[in-house]
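Structure, as structure tokens:
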Amino acid sequence: MSAKYAMISTWKMSLAGMRKAKRLMESGGSARDALAAAITDVEDDPAFHSVGYSGLPNARGEVELDAGFMNGRDLSFGAVSGVKNIQNPILVARELSGLARSCFLTAAGAESYAAAHGFAMRNMLTEDALAAYRREMAKQTAVREADPAADAHDTVCVVAQDTDAELYAGVSTSGLFMKHPGRVGDSPVIGSGFYCDSTAGGAAATGFGEDVMRGCLSVRIVGRIAAGRSPQEACEEVLEAHLARLADAGYTPGNISVIALGRDGRFGAATNRAEFPFVVFDEAREATLMVCRSDGGRIRVEEADAAWLESYKGD
Ligand code: GLY
């Protein structure tokens, strides 16, 4: 049986936006709009330094943002990468999903599209983010390929399903702190950072983008759901297989966490971190903070309790 509506999102930072999204869906709003409401809430909040306004800058001290959006009914998608000064990259990605071609725009081309189409523009670099950049620069002198701050990085990802069992996926990030200028991670890359197909389910990934892209994780998870696995089984199987393959290939994987939602409203999550918070709601449940834990490769998912909330320091 299908849920009337359901949504899943990454990280505790998405909780306030997911509460807004729940209100929207209760009052008959679409999953497409609820997803945008949840993501713009994080993009606009300067307290979160890995998404949107106040995102941490690249190695030149510039904030470069990536976002992607997909409609699981007609498989349309839109994405922007390396954009500066666009207030809500997710809204531009969503608009681009309406185009048959040129739906993935990068850097200056994406910015000129956004300005010409009336999207809000803003200097996204805040004093806080600049101070973090200066502290990091004081520790080093050269532009790096690899990023030691990768573990502190989080992407907001949302998968949403509504009354007609339509599915949407969206993601937004400022990417790795101190990344090489022009570096693009998995987030705006369809199939890696996000994917959805309304005949099966949707999935999205957060973490070290290069390692996510090596496995095209989101489309693989949706493929498993299409083959009959539950979203939880699909997340666990794909992540476990990918981590084993990365190890075989000689990589020491960075942090990777994934979420998934089936067209029936069932959800799943998996991670290689000790713990990965995410948020779910559906018509019967308020926006609820969950914790996915990896203990020697064994995944456990449960509701966050007061003790966990007290001790958790991340976004
Ligand atoms: N997962 C986002 C990034 O690596 O940029």
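The values are calculated or read from the model by the stated rules, or taken from the named source; none is laboratory data. Remember, predicted model here, so these are calculated numbers, not experimental data. Backbone-built Cβ (ideal geometry, glycine too); neighbour counts: all protein chains shown. Ligands, DNA and RNA are excluded from the accessible area calculation, which covers all protein heavy atoms including side chains. Shrake-Rupley method; radii C 1.70, N 1.55, O 1.52, S 1.80 Å.
Points to keep in mind about this one:
- Looking across the range 183-197, just one residue is away from the ligand (no atom under 16 Å from the Cβ) and open to solvent by less than 10 Å² (accessible area, probe 1.4 Å), and that is Cys196.
- Once the range 266-284 is narrowed to residues that are open to solvent by 10 Å² or more (accessible area, probe 1.4 Å) and either of a type outside the set (Gly, Ala, Ser) or in contact with a strand residue (DSSP E or B) (Cβ under 7 Å, 6 or more places away or on another chain) (or both), the residue that is nearest to Leu243 (Cα to Cα) is Asn272.
- For the range 37-60, the set of residues classified as out of contact with any Pro (no Cβ under 6 Å at 6 or more places or on another chain), away from the ligand (no atom under 16 Å from the Cβ) and open to solvent by 10 Å² or more (accessible area, probe 1.4 Å) consists of Ala37, Thr40, Asp41, Asp44, Asp45, Pro46, Ala47, listed by residue number.
- Residue among Leu130, Leu105 that is of a type in the set (A, V, I, L, M, F, W, C) and under 26 Å from Ala160 (Cα atoms): Leu105
- Within the range 162-182, considering residues that are more than 8 Å from the ligand (Cβ to nearest atom) and among the charged types (D, E, K, R), the one surrounded by the fewest Cβ atoms within 10 Å (Cβ to Cβ): Asp164
- The set of residues in the range 61-104 that are surrounded by 18 or more Cβ atoms within 10 Å (Cβ to Cβ) and polar (S, T, N, Q) comprises Asn71, Ser81, Gln87, Asn88, Ser97.
- Annotation note: Cβ proximity below 7 Å between a residue of the range 103-125 that is on the phi > 0 side of the Ramachandran plot and part of a helix (DSSP H, G or I) and a residue that is open to solvent by less than 60 Å² (accessible area, probe 1.4 Å) and at pLDDT 95 or above (sequence gap 6+ or interchain) occurs for Ala107/Gly82; Ala107/Val83.
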